[in-house]
């Protein structure tokens, strides 16, 4: 995996899908049940960090649970990004519990198609 991640010990960390095409790099972070105001996205020194917190409902007490499989509390996930993304044009959108972060690639970092020439003498052979 080309993206290094810092995650210390056992922490609550929402699952993340990362995919890339010629134009951009995209992260999809599952954060259902977390209010958008409790999710923060920042980039510093080519490191993308997503922070947030899933809060336990105030009217439910932890000791009343028979089973608790969902994680609650704060989380932080950090990823070292390649130098090919344009940090000034990063966009983050939150829809249906999924945070989508799109990072366009710098124009010079996009792949360029190179035409392969074959000498006419080789074509005839």
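The numbers here are math on the coordinates, done by the rules we state, and not lab data. A quick note: this is a predicted structure, and the numbers were derived from the prediction, not measured. All Cβ positions, even for glycine, are placed from backbone atoms using ideal geometry, and neighbour counts span all protein chains on display.
In plain terms, if you count all Cα to Cα distances in region 7-76 and split them into 10 Å steps from zero, the share in each step is 15, 43, 29, 10, 3, 0 percent.
So, R0 is 30 Å and r is the distance between the beta-carbons of residue 49 and residue 107; what FRET efficiency does that work out to, to 0.05? It comes out at approximately 0.70. In the chain, Cα pairs under 8 Å separated by at least six residues give a relative contact order of 31 percent. Simple spin-label estimate for residue 120 and residue 83 gives 4.3 nm between the two label positions (7 Å along the Cα-to-Cβ direction from each Cα). One way to sum up the overall shape of region 9-125 is the equivalent ellipsoid from its Cα gyration tensor, whose semi-axes run 45, 15, 11 Å, largest first. For every helix of n ≥ 4 consecutive DSSP H residues, a contribution of -39,500 (n - 2.57) applies; sum these over the chain, divide by its total residues, and give [θ] at 222 nm rounded to the nearest 500 deg cm²/dmol. Helix contribution divided over all residues of the chain: -1000 deg cm²/dmol. Provide the FRET efficiency to the nearest 0.05 for the residue 20-residue 100 pair, computing r from the beta carbons and using R0 = 22 Å. The formula returns an efficiency of 0.95 here. Treating each Cα of region 44-86 as an identical point scatterer and ignoring solvent, apply the Debye formula and state log10 I(q)/I(0) at q = 0.13, 0.20, 0.22, 0.33 Å⁻¹. So the normalised log intensities work out to -0.48, -0.71, -0.79, -1.17.
Report the gain in length on full extension from residue 58 to residue 30: 0.36 nm times residue separation, minus Cα-Cα distance, nm rounded to one decimal. Mind showing how you got there, number by number?
On the way: separation 28, 0.36 × 28 = 10.08 nm, distance 2.27 nm.
Length gained, residue 58 through residue 30: 7.8 nm.
The order of 43, 114, going from fewest to most other C-beta atoms within 10 Å of their C-beta, is 114, 43.
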